[in-house]
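Here's the structure, in structure tokens; my notes come after.
No value in this document is a laboratory result; all are computed from the given coordinates. The structure displayed is predicted, hence computed values, not measured ones. For neighbour counting, all protein chains shown are included, and Cβ atoms are generated from backbone atoms with ideal geometry for every residue, glycine included.
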Amino acid sequence: MFNRRTLVSTFIAKASFTATVALAASNVLVVSSIQSIAAPAALAQKSGDNINARIKRQYKKIDAAQKNGQLDEQQANRLHMDVANIENKARSERQENGGELNPQQHTNIENLLNQSLNQIDTAIGLGTTVSSGANPLGANWQPGPDGAQDPEALKKKLKAQERRALRQQKQANMQAIEQQQLQYEKEMVNTLGDQKTKIEQEKEQLENVRNNSGAN
């Protein structure tokens, strides 16, 4: 049989164990809560850093292209303005959303940056030129024996083609006019034939009336 001291000791031991378990569970809950709060913040910070890094890279790409002569000042200013508008939009949305972008806003900003990058690459590609040296036709260019590479011969050939095209156009116009004239004459002959028949019929009717009335 347990005495009172044994019962008290057992109760104290159970109470200590229960308190220890509760404290451990509480610590786990607190740590989990801290992690759940910190994770989105860390993700948002990483996303924000990614957006900012992309904006800086696109600014640098524009500056480098302008320095290399691939973009003129007007093109560079326009592309800078596009990136600046995206940067301002991201900053404004962060302020409205407690300092960070929500997933939808982040996706929209990424898409805008993609469009801006495509415009930058296109403008740089259009501005790229390849030097051909002193001779614009190429260092190894030589007039061909058939005159195909002779500018004067080519000019004469083009003029001859233009004169031939004008003659063909004139002939086509004349043929069209002749066709219209023939069609008109045909219609007039048919019309006059119809009128002649009608006149003859009316004349015959008049003769019949006169004969019946004894006028003849």
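The phi-based Karplus calculation (6.51 cos²θ - 1.76 cosθ + 1.60; θ = phi - 60°) puts the 3J(HN,Hα) values of the range 171-187 at 4, 5, 5, 5, 4, 5, 5, 4, 5, 5, 5, 4, 5, 5, 4, 4, 5 Hz, whole numbers, x for Gly and Pro.
Calculate, for Ser213 and Met188, the FRET efficiency according to 1/(1 + (r/R0)^6) with r their C-beta to C-beta distance and R0 25 Å; round to the nearest 0.05.
Numbers: r = 37 Å, r/R0 = 1.48.
After rounding, the FRET efficiency stands at 0.10.
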